[in-house]
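Here the structure is laid out as structure tokens; the discussion comes afterwards.
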Ligand SMILES: Nc1nc2c(ncn2[C@@H]2O[C@H](COP(=O)(O)OP(=O)(O)O)[C@@H](O)[C@H]2O)c(=O)[nH]1
Ligand SMILES: [Mg+2]
């Protein structure tokens, strides 16, 4: 998709604060510091739309963006960062689950994983919710520039098995090289 406009709409904690529009929504989820902001920025060709890594784990709100007045990107709060206060951690689960459960606009969840790491507890909790609520999803294995091609292939296979998802749901990506950007847009375009 050729990007003509990207607009930050608002931050929200609960459904009454979500935008009132009916644009199809793609939500991005992942452990803090996994590269979620970098992925969003790469997809929309912006350097600093979604804030990259200042204090990981601090974004604890749901952030809504509109792309080309045609699709909304939703940046869900990251999880699993040790230095986040307990009160904030406790809020994460209900806030995210409620969004997944109640948001009518939601069409696709993109769960981002570090290609070098095994899925965390938070990742697995999300996978459970996605299955339970029957939400369409794909999994992006990011930071592939950090390991060799043969290692990427091994990890791709291993993570697929761990999550119990088929290969076509796992997309390799690098924010550094842009690899995988086209494949992810293809999936997004299908739902817009
Ligand atoms: N080498 C490499 N570094 C990345 C990639 N994606 C993100 N990073 C780095 O990982 C750190 C966390 O990225 P960020 O996008 O802020 O993660 P977030 O907390 O999930 O939003 C930053 O230092 C990024 O520059 C990638 O594909 N390759
Ligand atoms: Mg971020």
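Put in line by how crowded their Cβ is, counting other Cβ atoms within 10 Å and starting with the fewest, 92, 185 read 185, 92.
A simple spin-label model places pseudo-atoms 7 Å from Cα toward Cβ; at residue 120 and residue 157 they are separated by 2.7 nm. Fully extending the segment from residue 20 to residue 167, taken as 0.36 nm per residue of separation minus the present Cα-Cα distance, adds 49.4 nm. Looking at the chain, the DSSP beta bridges with both ends there are about 35 percent antiparallel. Estimated at 0.36 nm per residue, the fully extended path between residue 97 and residue 186 surpasses their Cα-Cα distance by 29.4 nm. All C-alpha to C-alpha distances of the chain, sorted into 10 Å bins beginning at zero, yield P(r) values of 9, 39, 40, 12, 0 percent in whole numbers. At a Förster radius of 41 Å, what calculated FRET efficiency corresponds to the Cβ-Cβ distance of residue 7 and residue 87, to the nearest 0.05? It comes out at approximately 0.85. Here the sum of -39500 (n - 2.57) over DSSP H runs of 4 or more residues, divided by the residues of the chain, equals -10000 deg cm²/dmol at 222 nm, to the nearest 500.
With contacts taken as Cα pairs under 8 Å at a separation of at least 6 residues, the chain carries a relative contact order of 24 percent.
No lab work stands behind these numbers, since they all come straight from the coordinates. Please read all numbers here as calculations on a predicted model, not as lab measurements. For neighbour counting, all protein chains shown are included, and Cβ atoms are generated from backbone atoms with ideal geometry for every residue, glycine included.
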